[in-house]
Every structure is written in structure tokens, then in C-alpha cells.
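Report on the structure given below.
The values are calculated or read from the model by the stated rules, or taken from the named source; none is laboratory data. Remember, it's a predicted structure, so these values are computed and weren't measured experimentally. Here the Cβ is made from the backbone with ideal geometry for all residues, glycine too, and neighbour counts use every protein chain on show.
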Amino acid sequence: MHPVITASVPLLEPPGWATAQRELFDLLDRAWRRFARDFTGPDGRLRYDAALTSRDGVDDFYEVFFNWPQLYLLGGADDLLDRAERHWEGVTGQLTELGMLKDEYERGYDWFHQGESLLLLYFLCMAAPERWQERALRFAELYVDPEHGNYDPEHRIIRRPHNGSDPEREGLFDGAAYPWLPKEARMYGFPLDWIRPAGADDPSLDEDPRLGAEMRRRMGDGDTAVNLAASGLVMNAWLLSGDRRYQEWIAEYVGAWRERAAANGGILPDNVAPDGTVGGLLEGRWYGGHYGWSWPHGWYSVGHAAIVAALAGVAATGDESFLDMVRPALDEIISHGRTMPYTEADSSLESKWTVQLAEDVRTPTLHVPFRYKDGGWFDYNPPLMAVPTALWHHSASAADRERLERLRAAAGYDWRTVRSFRSKEEAGHEEPWLAFLAGDHPEYPEKILAAAQAQVRHRMARMERYRDMDVPEADIHVWQQSNPVVTEALVQLTWGGPQVVYNGGLQQARVRYYDAAARRPGLPPSVAALVSAVDPEGTVVDLVNLDPEADRSVIVQAGAFAEHTIRTVEYSVCSDPSWIGDLYDYGHRAPVVECACADVGGPWLRVELPRSTRVRLTLRLDLRTRPPSYRTPFDQPSERSTP
């Protein structure tokens with residue numbers, strides 16, 4: 001049972017953020033329909049006639065639609081969920097025919113890419129758990145049940161870096177050598193660079209031991225830190241089923257990596273040999289594993305997998321110390337920070353930062369190392385804010401907040417700057433959002449909504465240019481580059497959370513919403529929401545009904561998975577109708593706004609929004625007091641009204 005309050009403050013001049021938010025919803029609705037028309041067939045498949053010649057590619061088909069069900073969950077059109085499900089089904093059939101899947105799941109690939117592929121599935125499970133439970137549990141069993149060959153319970157490892165539904169897929173490539181591209185060598189260097197004598201001439205790529213037999217032997221077996229992202233798949237199964245087996249697996253597997261990090265001075269190592277020893281295949285090195293600290297991405301892949309696993313570990317066990325699998329490594333790379341312009345850094349991620357920093361590429365600012373090898377730390381980049389933001393959003397601790405403040409103080413550019421770009425992760429605007437939550441960037445909501453509109457319109461122009469393209473294998477990223485659905489702004493402003501951690505994370509949110517009349521997730525039509533503070537003792541939510549004729553009913557949920565409890569709510573009221581004025585008054589008076597309070601004592605609160613009304617809610621939350629799940633307020637027996 002959950003209480004009901006009724007908004008009574010009149011909406012006279014709609015705030016700019018509210019009208020801009022609803023305009024973005026309308027634009028997104030047009031944009032995704034056009035993408036579906038121009039780039040997909042009737043069965044949801046992408047228009048693609050070529051083959052896939054390597055193990056890479058599954059993620060590039062699923063990623064195109066990853067945030068479509070997320071948009072539905074935010075309040076997108078009713079038929080968007082059906083369309084997103086159709087695309088998953090169509091792409092899954094397409095990839096099966098291309099030889100990439102077995103029993104609807106990746107045959108075997110690294111979890112940097114698997115995590116990207118699975119975001120679409122996770123959001124579908126969140127939106128329609130009853131329809132997706134069977135598949136999601138079947139996929140999780142590939143890791144939880146050792147009979148599938150992926151998990152070794154004795155050593156608490158995933159047996160190999162490339163894993164999935166096909167136990168016959170071994171190593172890291174199918175030929176004699178890794179399918180190397182010269183561009184990769186320029187960007188990332190070679191793995192296992194220590195096995196070649198210093199100053200020796202490089203052999204041809206097909207004869208280079210760093211890319212052939214030695215890479216297969218030393219990097220193609222045993223566990224690697226990026227496999228920690230598999231905990232997101234198992235966490236998703238637990239949210240769907242409540243089965244303790246999934247909790248126990250997360251505690252066991254992630255717990256083993258936590259122990260390895262503690263034994264390594266707090267720094268998460270990136271490789272474990274088949275016998276359970278860190279560095280057992282790399283002559284004792286805690287670094288050098290596949291998609292690990294040395295090659296190709298370092299913290300970019302290790303950090304994302306670690307935060308996915310740490311948050312799953314906390315959820316499954318209630319033990320907050322799982323976050324200490326992440327914090328020491330984060331603080332270590334920050335301790336090696338240097339102030340320099342990006343143009344002077346040795347960054348391997350130029351395509352990311354030149355857009356995100358724009359004119360500030362020449363501004364001296366903090367850079368931290370992403371990678372580590374025998375010579376020490378290298379590959380300096382501006383700090384990726386996804387991990388420290390996720391830590392603070394989860395913990396609400398003073399220490400995690402202070403880290404963000406230190407990073408802001410060390411930045412040479414203004415965190416309040418809002419730039420219009422859409423990264424691969426559909427994220428990257430954490431800094432101005434954090435400034436807004438800190439209370440010194442009131443213009444942020446309208447600025448980020450304008451930036452989001454710009455990106456939708458930019459993507460629609462891309463769609464027009466490339467819609468008739470006969471896509472070759474080398475250009476399969478064209479679909480991601482043309483996907484016009486942008487959700488970061490809506491996630492931040494309406495849910496009060498950061499965008500999902502891209503490489504396999506599950507959504508974080510202070511609040512979510514349901515349309516009570518339609519009995520579906522998301523904001524109702526004409527309703528806008530703004531979360532301006534996420535302090536558990538004072539989470540502030542504004543709800544606005546822009547419709548001048550129709551009433552709306554919104555259910556506010558505490559947490560992404562109803563894991564929090566709303567202890568009490570303070571809300572704005574206007575009980576005096578005299579603001580309307582007398583019969584012959586030419587104008588209206590200022591409404592007198594007061595404050596009322598109500599006890600809630602649960603994860604849900606229903607808010608009735610009569611036409612042209614608004615309400616400000618200040619929620620007192622108790623964090624993580626309930627088992628997280630995909631349950632909804634409609635599973636509850638009834639409601640009680642609060643006077």
C-alpha cells in the first residue's frame with residue numbers, strides 16, 4: 001500500500017526546462033520511427049547483406065538500440081517497447097545466421113564487448129520482466145552453472161577471456177595471428193611488448209609472437225578483470241527471479257576478485273591463470289591480461305567492469321566494502337595525475353576527447369594514466385567521470401563526494417560548460433550535471449536539453465545521408481553513429497541518476513516513475529520532472545503537468561529497482577484559491593505556496609496532478625532497505641490516500 005498526494009500549486013508560467021523536456025520527448029518519438037523505417041526491415045533486422053569475418057561485431061548490432069527501451073522506461077511512446085523487442089528478435093536471428101550466436105547468445109567474446117551487447121537486454125528486462133525472464137535466466141546460467149564450461153568454482157574464475165555459449169571457442173582469434181589493424185598499433189601499441197628484445201626490428205604481423213602463439217598462450221586462457229562485467233548478467237537474473245543462487249555466485253566470484261585486489265595493495269589485478277594465481281601466465285605480472293591494464297584500454301575497460309561488479313556485490317550481499325575493489329585503483333591513478341593540455345598527452349582515445357573537450361583540448365587540465373606496463377603508468381587522459389560519479393551516487397558518502405570536488409578543483413576547464421556531443425556511451429556530461437546538483441549551475445537543465453535536441457537533429461541529418469548506404473563490414477558502426485535516441489539528459493534530469501555504465505552496467509536512479517492510469521513505466525504524457533538534489537535526506541523532485549485540460553497521475557518510485565524507502569515527503573500546496581482574483585480583476589495574484597508533510601514508509605508514492613498544476617517533493621529516503629527487483633507498484637494490493 002502506498003499513499004497519494006494531490007498537487008495544488010497552479011502552473012501559470014511553465015518553466016523552460018519543462019517545455020523543453022516535453023519537446024525532446026516529441027522529437028525523439030519522430031526520430032526513432034524514422035530510423036526504424038530507414039535502416040531496418042519489417043522483422044526488426046538491420047539492413048545488412050555482408051558477412052562478419054572475425055569474432056567482432058555482435059555488439060555493433062545490439063548497441064544500435066540499447067537505449068530504446070530505456071527511452072520507453074523514461075516515458076517514450078507506448079509502442080516503442082514493442083519495436084525495441086522486435087529489433088532484439090530480428091537482430092538475434094540475423095546474428096545467428098551470420099554464425100555469431102548459439103542459442104541466442106554470444107558464442108564467445110570478451111566482456112568489454114559483451115557488456116555493450118547486453119545493455120539492450122537489461123533494459124528490456126526492466127521494461128517487461130515477465131516476457132524476458134526465461135531468456136535472461138538461461139543466459140545467466142551459462143556462468144552460474146559450471147556444466148556450461150565457463151565457470152570454475154574451485155578457483156573462482158571464468159575460465160577464459162573469450163567466453164559465452166560455445167565451449168569450443170578458445171583463445172582470442174580463429175587464425176594463426178590476431179586480426180591486427182595498423183591503426184590499432186598506432187593507437188594502443190602491442191600487447192606483450194616485453195617479450196620482444198628492446199630495439200629489435202618488428203617481424204611481419206603474421207609472424208609476430210606478440211600477436212600469435214604467445215598472445216594465445218599468455219592472454220587467451222584463464223580469467224581477466226573485464227570478465228567482472230558478467231556479474232551484471234547474473235545480477236539481472238537475480239532482479240528477475242530473486243533466486244539466491246545468483247546472489248551466491250556474485251558474492252563468490254566478485255568476492256574472489258576483491259581478495260585479489262586486497263592482496264595487490266588494493267589495486268585490482270587484471271589476470272588470473274587457470275590454476276587461480278595472479279600473473280601465472282605473465283611471469284608474475286598483475287597487469288598485462290586481455291583488455292586489462294596494459295592493452296588496449298586500461299582503466300577504460302578495467303574500471304567500468306570493476307564498478308559494475310562492485311555495485312552488484314553490494315546489492316547481492318549488502319556489504320558496502322565491495323566498493324573498495326574500485327576506490328584504491330581510482331585513487332591510485334588520480335595520485336599519478338599531471339596537469340597538461342590534452343594536445344600534449346599520450347592519450348590513445350583521441351576521437352573521444354577531441355569532441356568532448358572541444359576548444360579546451362589546449363587548456364592545461366588534470367590528466368590521469370589509464371594504463372600500466374613494465375615501465376610504469378602511461379596513456380594519460382582527462383579523468384573519466386562515470387566511475388567516480390557512480391560511486392558517489394551509490395554511497396552518498398562524504399569521501400566519495402570529496403573526491404569529485406578534488407577532481408573539479410584540478411580541472412582547468414569550467415565544469416559548468418555544456419557541449420553538444422553524443423559519445424559512444426551516450427554519456428560524458430557528468431561534470432556539468434554534478435555542478436548543477438552542487439547548486440551552482442541553475443541553467444543546466446535547459447542547456448543540456450538544448451544540447452540533446454541538437455544531437456537528435458544532427459543524427460537525423462546523418463540518417464538522411466546514410467540511409468541508402470550498402471553497409472560493408474568495415475562500416476557497421478554507421479548505425480550507432482546514426483541512432484538518434486539520446487537519453488543521458490532525461491536520465492539525469494528526471495531520474496536523478498547518471499547514465500548507465502556502458503560496458504554492462506545496470507541503471508542507477510534516485511527515483512523512477514510510472515503512469516498510474518496507463519499502468520506502465522515512465523512519465524505520463526504532458527508531465528515533466530526535474531530532480532535538482534539527490535541527497536537521501538532531501539531528494540528534491542519537481543513534477544509539472546503541462547496539459548491545460550487533462551489530469552495526470554504519477555507514481556514516484558524510490559530507486560531504479562524499488563530498493564529505497566521513502567520515509568516521508570514534504571510537498572508544496574496552494575490551498576487558497578484567491579490567487580485567481582475577483583470577477584472583474586484584469587490579472588491574477590501570486591499564489592500562496594505552503595508546505596505539507598506526509599508519511600510514506602515504502603518505495604512508492606502516488607501524485608495526482610490536476611490540469612495545469614505543479615508540485616515540489618522533498619523526499620527523505622532510506623537507501624537500500626529493500627531487496628532490489630523489477631517489481632512494480634501495480635503488484636501491490638491497493639492504495640491508501642493521505643489527507
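In the condition set (1) more than 19 Å from residue 384 (Cβ to Cβ); (2) under 22 Å from the mean Cα position of the chain (by Cα), residue 323 is compliant with all but (1). Of the residues screened, residue 193 is not one that is acidic (Asp, Glu), surrounded by fewer than 15 Cβ atoms within 10 Å (Cβ to Cβ) and more than 20 Å from residue 113 (Cα to Cα).
Selection of the range 134-179 for residues being assigned to a helix (DSSP H, G or I) and within 15 Å of residue 118 (Cβ to Cβ) yields 135, 136, 137, 138, 139, 140, 141, 142, 143.
The sole residue among 456, 485 that is more than 29 Å from residue 623 (Cα to Cα), in contact with a helix residue (DSSP H, G or I) (Cβ under 8 Å, 6 or more places away or on another chain), assigned by TED's automatic domain parsing to the domain that holds residue 63 and in a loop (DSSP other than H, G, I, E, B) is 485. Selection within the range 276-308: residues that are of a type in the set (Ser, Thr, Tyr) and under 23 Å from the mean Cα position of the chain (by Cα). The member of this set that is nearest to residue 185 (Cα to Cα) is 291.
Every condition in (1) modelled with pLDDT under 95; (2) surrounded by fewer than 20 Cβ atoms within 10 Å (Cβ to Cβ); (3) over 25 Å from residue 116 (Cβ atoms) is met by residue 242 except one, and the failing one is (1). The conditions of being surrounded by fewer than 16 Cβ atoms within 10 Å (Cβ to Cβ), without any contact (Cβ under 8 Å) to a residue 12 or more places away in the chain, among the charged types (D, E, K, R) and in a helix (DSSP H, G or I) are not met by residue 184. As for the range 43-57, it holds no residue that is crowded, with 23+ Cβ neighbours inside 10 Å, within 18 Å of residue 132 (Cα to Cα) and not hydroxyl-bearing (Ser, Thr, Tyr). Restricting the range 420-449 to residues that are of a type in the set (A, V, I, L, M) and outside any helix (DSSP H, G or I) leaves a set whose member that is surrounded by the fewest Cβ atoms within 10 Å (Cβ to Cβ) is 438. Once the range 322-354 is narrowed to residues that are hydroxyl-bearing (Ser, Thr, Tyr) and touching a Gly at 6+ places or on another chain (Cβ under 9 Å), the residue that is surrounded by the fewest Cβ atoms within 10 Å (Cβ to Cβ) is 339.
Would you call residue 357 closer than 23 Å to residue 263 by Cα, crowded, with 19+ Cβ neighbours inside 10 Å and not hydroxyl-bearing (Ser, Thr, Tyr)?
Details: closer than 23 Å to residue 263 by Cα: no; crowded, with 19+ Cβ neighbours inside 10 Å: yes; not hydroxyl-bearing (Ser, Thr, Tyr): yes.
When the stated conditions are applied, residue 357 does not pass them.
If we keep just the residues of the range 196-218 that are among the basic types (Lys, Arg) and part of a loop (DSSP other than H, G, I, E, B), which is surrounded by the fewest Cβ atoms within 10 Å (Cβ to Cβ)? The extreme case among them is 196.
Among the residues of the range 357-375, some residue qualifies, meaning at least one is under 16 Å from residue 411 (Cα atoms) and of a type in the set (Gly, Ala, Ser).
Here is a yes/no grid of residues against (1) among the aromatic types (Phe, Trp, Tyr); (2) modelled with pLDDT of 95 or more; (3) assigned by TED's automatic domain parsing to the domain that holds residue 486; (4) crowded, with 24+ Cβ neighbours inside 10 Å:
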{"site": "67", "(1), (2), (3), (4)": "no, yes, yes, yes"}
{"site": "72", "(1), (2), (3), (4)": "yes, yes, yes, yes"}
{"site": "78", "(1), (2), (3), (4)": "no, yes, yes, no"}
{"site": "82", "(1), (2), (3), (4)": "no, yes, yes, no"}
{"site": "85", "(1), (2), (3), (4)": "no, yes, yes, no"}
{"site": "89", "(1), (2), (3), (4)": "no, yes, yes, no"}
{"site": "97", "(1), (2), (3), (4)": "no, yes, yes, no"}
{"site": "102", "(1), (2), (3), (4)": "no, yes, yes, no"}
{"site": "107", "(1), (2), (3), (4)": "no, yes, yes, no"}
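Condition check: at pLDDT 95 or above, surrounded by fewer than 21 Cβ atoms within 10 Å (Cβ to Cβ) and touching a Cys at 6+ places or on another chain (Cβ under 9 Å). Does residue 10 satisfy that? Yes, satisfied. Taking the range 513-550 as the range and being acidic (Asp, Glu) and assigned to a loop (DSSP other than H, G, I, E, B) as the test, the residues that pass are 537, 547, 549.
Take residue 273 and tell me if it is over 25 Å from the mean Cα position of the chain (by Cα) and at pLDDT 95 or above. Criteria met by residue 273. For residue 584, the conditions (1) crowded, with 21+ Cβ neighbours inside 10 Å; (2) outside the structural domain of residue 68 (by TED's automatic domain parsing) are fulfilled apart from (1).
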